[in-house]
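Values in this text are rule-based calculations from the coordinates and carry no lab data. This one's a predicted model, so the numbers in the text were calculated from it and none came from an experiment. Methodologically, a virtual Cβ is constructed for each residue, glycine included, from the backbone with ideal geometry; neighbour enumeration extends over all protein chains shown.
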4 protein chains.
Amino acid sequence: MISLFATDRLTHLYPSIQVFITEQVIPLEREFLSLPFGELLPKLDALREQVKQKGWWAPPLPESEGGMGLSLTEFAQLSELMGRTPLGHYLFNCQAPDIGNMELMLSHASEALQEQFLEPLIQGETRSCFSMTEPEFAGSNPTRMATTAIRDGDDYVISGHKWFTTAADGAQFAVVMAITNPDATSPYERASMIVVPTDTPGFDRVRNISVMGESGEGYHSHAEIKYEKCRVPVSYRIGPEGKGFMLAQERLGPGRIHHCMRWIGIAERALEMMCQYAIRRELKDGRPLANMQTIQNWIAESRAEIDASRLLVLHTARKIDEEGQKAARQQISTIKFYVAGMLDRVLDRAVQSHGALGITDDTVLAYWYRHERAARIYDGPDEVHKSVLARDILKSYQE
Amino acid sequence: MISLFATDRLTHLYPSIQVFITEQVIPLEREFLSLPFGELLPKLDALREQVKQKGWWAPPLPESEGGMGLSLTEFAQLSELMGRTPLGHYLFNCQAPDIGNMELMLSHASEALQEQFLEPLIQGETRSCFSMTEPEFAGSNPTRMATTAIRDGDDYVISGHKWFTTAADGAQFAVVMAITNPDATSPYERASMIVVPTDTPGFDRVRNISVMGESGEGYHSHAEIKYEKCRVPVSYRIGPEGKGFMLAQERLGPGRIHHCMRWIGIAERALEMMCQYAIRRELKDGRPLANMQTIQNWIAESRAEIDASRLLVLHTARKIDEEGQKAARQQISTIKFYVAGMLDRVLDRAVQSHGALGITDDTVLAYWYRHERAARIYDGPDEVHKSVLARDILKSYQE
Amino acid sequence: MISLFATDRLTHLYPSIQVFITEQVIPLEREFLSLPFGELLPKLDALREQVKQKGWWAPPLPESEGGMGLSLTEFAQLSELMGRTPLGHYLFNCQAPDIGNMELMLSHASEALQEQFLEPLIQGETRSCFSMTEPEFAGSNPTRMATTAIRDGDDYVISGHKWFTTAADGAQFAVVMAITNPDATSPYERASMIVVPTDTPGFDRVRNISVMGESGEGYHSHAEIKYEKCRVPVSYRIGPEGKGFMLAQERLGPGRIHHCMRWIGIAERALEMMCQYAIRRELKDGRPLANMQTIQNWIAESRAEIDASRLLVLHTARKIDEEGQKAARQQISTIKFYVAGMLDRVLDRAVQSHGALGITDDTVLAYWYRHERAARIYDGPDEVHKSVLARDILKSYQE
Amino acid sequence: MISLFATDRLTHLYPSIQVFITEQVIPLEREFLSLPFGELLPKLDALREQVKQKGWWAPPLPESEGGMGLSLTEFAQLSELMGRTPLGHYLFNCQAPDIGNMELMLSHASEALQEQFLEPLIQGETRSCFSMTEPEFAGSNPTRMATTAIRDGDDYVISGHKWFTTAADGAQFAVVMAITNPDATSPYERASMIVVPTDTPGFDRVRNISVMGESGEGYHSHAEIKYEKCRVPVSYRIGPEGKGFMLAQERLGPGRIHHCMRWIGIAERALEMMCQYAIRRELKDGRPLANMQTIQNWIAESRAEIDASRLLVLHTARKIDEEGQKAARQQISTIKFYVAGMLDRVLDRAVQSHGALGITDDTVLAYWYRHERAARIYDGPDEVHKSVLARDILKSYQE
């Protein structure tokens, strides 16, 4: 915790949650790495119950909705703690994509939708997914999309092909991005967000995509989905017609902060593991790995880059809290590629420091090395964010 | 093929093997990526038969032994072709660690050992493994080892704990490195290499280690093994007692060349996939990914680094062929870290270029990204090779 | 200016000083780059007079001593503004090494020394230098030193060989680090700091060292100096005998902040020049350099790294202000190598973006490219800081 | 010398030239670094005389023209030796741009032009320059050019503005690239090369451009030139009208090899200096810099990258010798950016290893650090070569 960003509430919460993560959650990692996700669920459910009883449930949601009402800057710092293990966010019911769907529906879904779909989601009784990316189109240009929701009386009939719909396996519903207004002048005003229950006829979860060697299951998976004339009531739309991108934009700022702080948690843990292993591992009698200057370089560089990342992200969170997302536009682009790059380098150093052990699944490092490679890709690849940021900067130098 | 390193024989062979790899082997990759290895075996066996009939079997072995009698420089260039797919070397019966064991036993095993163990291995009727690395000791210092082979009459009694014994699952025998002469003055003269059949009582394959998300099976696995008082005849020793490291050293030069050329094959294929995808993938109508300067930078840098790697490795192979391994000592260290680093960068660019597709198992890239991370670690991590090379260079400036 | 680190005073000062730097100082750069430093002095003197009259003189010094009494965090932010041009700090009389000598003497010099040497220095009537580094010893280990100050009655007789004594040419006095207590147990308690007027017999300024193609002159130079039995009164010592390193340590924290913020000013200006040039420079009709993705990457990466650097340094300054230097030890090491590395990369990109123009002295970029290469070396090379930081971090993981 | 690229002739020459460079030329560097170039000329003239007498003059020129008739591959290897010091090529009369002008005029200038201008150039009695780059246009797009040569009877009247006309100061003539055929369809067929004696009225050498702190003089300078209605006979044109770019293209391949091998010579020398210094410099008693792992990493990485560069360049030279420049197009682009990047990194490591000494002009490192920064810019910046290469590669994947 950085005093610059501390609040009384946070100062109070931080150490207890730190202890909880360290003592209760991290010890589950070995099972997480070796068992199917489903077999872990009973233990996870018990821990979720504990979290609820401690009053730590869904921290970024308003207290009135069963959350903790934390500011983005406050939650960000807890998010780092949760990020120290792959199970953290799930236990606090603030895992992607559910938390994003909750924030979205709280602001923009009708009362009826909230009652039917949001309530059980907040309670942790159901899960949801967010269905936007399509295999045939580059994610870097989100307006290119072939999925359509065609109005038919009081229904939408949805047809399309999506993939990387995270956690669709076992979800109660998907929030689907589909073209409702193909003739709108702006490509940003053509799509809408629509709730599609996963038991809707025509909802075909083709497979859990095998990603870096794992198809996963349940929450821990990414699905390919075909929507074949899925019929849902028009009232299942979230927000106004044609405003899908506007809403997507809105969830983006906080989502970026959540991801980045989670990555910082991962990196911090990886650095910690690197230090511990460097001390423990002997090269010769009495000469630990920690004595090697290359390892020392990696530790120092990782320390610098993690600290820089944390300050950048918390500074951005504060700016969003105080001035709103739009004012923090450049910072939001910046942290996406900077922190993802940092994570990549720190994990690489941690794996390399561990030698053969680093590539086994006996530690959590190889899991992160595989699955967090995606950090430089999802939510827009680094290259897109760099160009967006640069063009925005250049604009200020043009007449 | 580079004219500088071409021979008549190679010029003749190269295009046919290239066609075989492209048309017969690469199409099996999808199954390789989605099925257990065992299910693929019947198809692989059929292809191996084809390879044998074409006279391409075990190319680096002498013709008298059923191989092709290629020079290291010649074989290296075929090894690149085979490396273009994870199945290549296996089909030509020149996969690690078997080919290394064959070369070793051809030069140093007794006639009886050759007859009993080497013959079927060369025929491709059995597989073998090489058991050296121990979990408790840093691989960077191979002389630190706790496995012992204690003389008891005409037997050795072997006890110890090994891991990363590649392909032990299903192997007929292991070549085990064990301390036989603990009191030898030089730490390099304490160990011997001993053949241990895997059905020897006390040979306990604890598990196939889960590496980057996969435990694998059969040839495609890395085992943890406990040797609990395994008793084998003294005549199962390969070479003189205490000369294990000397023999290990001998297999190292050619082994390094094989690995490096395989990595170059992987990198070349990854670059090819990156180019093809960049042309195919549209960002907007008529604007393919290939137009982006960042992708162009990656293609150009990859081209340069792959070409540099190939020249370095072939130049080293030629030097070994002409002047012997010792004369090429510095070059052998150099290519290990340079080519492993190149592979890492090229694979990373290829994955990133493919976006979300790059991290799925729908292409072979994610497989390589995961499994070839080991390239910078096994056979000595980069950091060790750099220090060894630098100290050797510095020596020439000291009086 | 970052709102997180703003104060009323700073908010008031910042824009005026920004305007002053932009309108009055930067236009002098062309002359600075093409004329001997001495010829610029009259113009610089006039500007210094202006600075004094505006009440901006020597900002980090207490108001009682003729400064502005700014906190380190406040001054840091002005230091960035001054750093935007090589002339900035000199005009505000807070240039190294003078400002360091002032802070040192204010705290530790006798009243007599202060009156005789410090007063005119604060007034800007004289200049000073700091004479520590010796050519025969690695700067990374400051305790290795051959210069001695031997007590002879009420005098010290100083003999030794120093170099990189910045700004010695034209200085009134040097603060010399010399061994006074060779037999002290701790190598950190052997040296003292002693004022040596440059007209002392035996003070031999051998040369202004040619650095990156320039010997320079006056303030703008680095001298090699031989001290040949220089005799000065014992009362010229600053602080207690044997406490030279302790005092050096004390000036280090704020000095590090000054340097780092100056580098950030340089980098910010270089990025600005890169953006302006990218917009101005046409590759083809209507297609400016700014359209190239590589330039965009450089702009975005520079933006991220500069912002990260600024937050790291200001956070460190705040920590020093609030908790003292010792508590900020790790941060002080971190910023030294992180910010120096950032500067190096940003300048390199700015030069490359400018093409042939970038290597000419028609812009200030080549000047910085040459002279700020030293940033990764002076005050301890990156490599030393990384090891120091890493060992300090590792300590916390050891029992 | 690499046996792969050795010839009898080269094997004979190499050691003597190596000794000459080491014993006669390198010792002049201190004077070169501290004196105006002109003051060195008498010593250089004496050495040139020696080179002539040994039969080493202008090695890439045919024997019939007073050269040695070496193949490109042979000369390349000597070029590395000469490159070990900034004075090397000049002493063998194969310095840029003179050697390029010689090769150009040998193939394409009329007999009269050869007699008048080429003969004394080959003899080393005069110097020349090549005037192509214009300050107003990006060098990356050479067809954009405002200098015109307007036909007026039997004369051309040349008007334009050039810069980075290397060695114009003291040259007898310039080869000027000017638009003669503005209406040609292809932008590559608009310019011609024309000899303009520097005493032609209207030839105005505005200044020797200050580059990285030095304006230089004589051979050792880069001029800005205004051509104000310079009148020369049409017969001073080299090659056909409108074929300037075709001719420029022709000099490019060998020119690239010369530069790259010179850079390799520099890098090899820098690595040597780094090793020697690392052994000599003590950090503590008995603990030299050479013991530090970071330095060892730099030595190993430099060794690998230099060796890779040499093989890439010699392989390209061989390809040009055997198959012509066009066949080696991709290789020529590759070596430009790869070798320039390698040089940059090796020099940076060498400077950093030398600490404060590295940035002084007491060694040749700082000179190279400053002046070879241009390597990544001239003859097309890295970024252009990468795009050119990538687009050429991509073409082979398109239908």
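With label points built 7 Å along Cα→Cβ from the Cα atoms of A:ARG9 and A:GLU119, find their separation and express it in nm.
Here the answer is 2.5 nm between the modelled labels.
Run the simple label-point estimate for D:ALA46 and C:THR185 please: 7 Å along Cα→C-beta, distance reported in nm.
6.2
By Cβ position, which chain A residue lies least far from the axis that rotates chain A onto chain D, and what is the distance to the nearest whole angstrom?
Closest to the axis: A:GLN293, 2.
So how far, in whole Å, is the C-alpha centre of the range D:339-390 from the one of the range C:1-77?
35
Between A:SER107 and A:SER16, what length comes free when the chain is fully extended (0.36 nm per residue of separation minus the Cα-Cα distance, one decimal in nm)?
29.7 nm is the gain from fully extending A:SER107 to A:SER16.
First measure r as the distance between the Cβ atoms of B:GLU228 and B:ARG151, then evaluate 1/(1 + (r/R0)^6) with R0 = 22 Å and state the FRET efficiency to the nearest 0.05.
Rounded to the nearest 0.05, the efficiency is 0.80.
Normalising by the residue count of chain C, find the relative contact order in percent from Cα pairs under 8 Å and 6+ residues apart.
Answer for chain C is 15 percent.
Rank these for me by crowding, B:THR200, B:THR185, going from fewest to most other beta carbons within 10 Å.
Placing the least packed residue first, the sequence is B:THR185, B:THR200.
Select from D:GLY286, D:GLY100, D:GLY67 the residue whose mean-square fluctuation is largest in a Gaussian network model of chain D (Cα-Cα springs shorter than 10 Å).
It is D:GLY286.
5 Å is the cut-off here: which amide hydrogens, built 1.01 Å from N in the peptide plane, fall below it relative to B:ARG207, excluding neighbours closer than 5 in sequence?
Residues meeting the criterion, in which the H sits 1.01 Å from N, are B:GLU224.
Set the bar at 19 Å for Cα to Cα. Now go through D:LYS336/D:LYS386; A:LYS243/A:LYS326; A:LYS336/A:LYS386; A:LYS284/B:LYS229; D:LYS243/D:LYS395 and name every pair that lies beyond it.
Values: D:LYS336/D:LYS386 9 Å; A:LYS243/A:LYS326 17 Å; A:LYS336/A:LYS386 9 Å; A:LYS284/B:LYS229 27 Å; D:LYS243/D:LYS395 26 Å.
Over 19 Å apart, Cα to Cα: A:LYS284/B:LYS229; D:LYS243/D:LYS395.
Less than 19 Å apart at the alpha-carbon level, and either on another chain or at least 8 residues along: which lysines does that give for A:LYS43?
A:LYS52, A:LYS54
Please build a GNM for chain A, connecting alpha carbons under 10 Å apart, and tell me which residue among A:GLY239, A:GLY380, A:GLY55 fluctuates the most.
A:GLY55
List the distances, in nm and shortest first, from the label point of D:GLN53 to the matching label points in every other copy, placing each point 7 Å from Cα along the Cα-to-Cβ direction.
Inter-copy label distances (nm, one decimal, shortest first): 7.0, 7.6, 10.0.
For C:VAL313, B:VAL157, which order do you get if you count the other beta carbons within 10 Å of each Cβ and list the fewest first?
Values: C:VAL313 31, B:VAL157 18.
Ascending Cβ contact count within 10 Å gives the list B:VAL157, C:VAL313.
Taking the beta-carbon count within 10 Å as an exposure proxy, list D:GLU323, B:GLU217 from fewest neighbours to most.
D:GLU323, B:GLU217
Please report the relative contact order for the range C:3-101, taking Cα pairs under 8 Å with a sequence separation of at least 6, and give it as a percent rounded to a whole number. Display every interim value, and only then the final one.
On the way: 79 pairs, mean separation 30.5, N = 99.
With pairs under 8 Å counted, the relative contact order is 31 percent.
What's the whole-number percent of alpha carbon pairs in chain C lying beyond 33 angstrom?
33
What gaps in nm, shortest first, separate B:ASP152 from its twins in the other copies when you place the label 7 Å past Cα toward the beta carbon?
Copy-to-copy label distances at B:ASP152, shortest first: 7.9, 8.2, 10.7 nm.
Using a Förster distance of 35 angstrom, determine the FRET efficiency expected from the C-beta separation of C:GLU272 and C:GLU65, and round it to 0.05. Let's see the in-between values first.
Details: r = 34 Å, r/R0 = 0.98.
Efficiency, from the Cβ-Cβ distance: 0.50.
Taking springs between alpha-carbon atoms closer than 10 angstrom, which of D:ARG318, D:ARG287, D:ARG237 fluctuates most in the Gaussian network model of chain D?
Most flexible of the set in this elastic network: D:ARG287.
Distances from B:GLU115 to the same residue in each other copy, label points 7 Å out along Cα→Cβ, in nm, shortest first?
8.9, 8.9, 10.8
Roughly speaking, what is the stretch gain from A:ASP392 to A:MET246, that is 0.36 nm per residue apart minus the C-alpha to C-alpha distance, in nm to one decimal?
Extra length from A:ASP392 to A:MET246 when fully extended: 50.7 nm.
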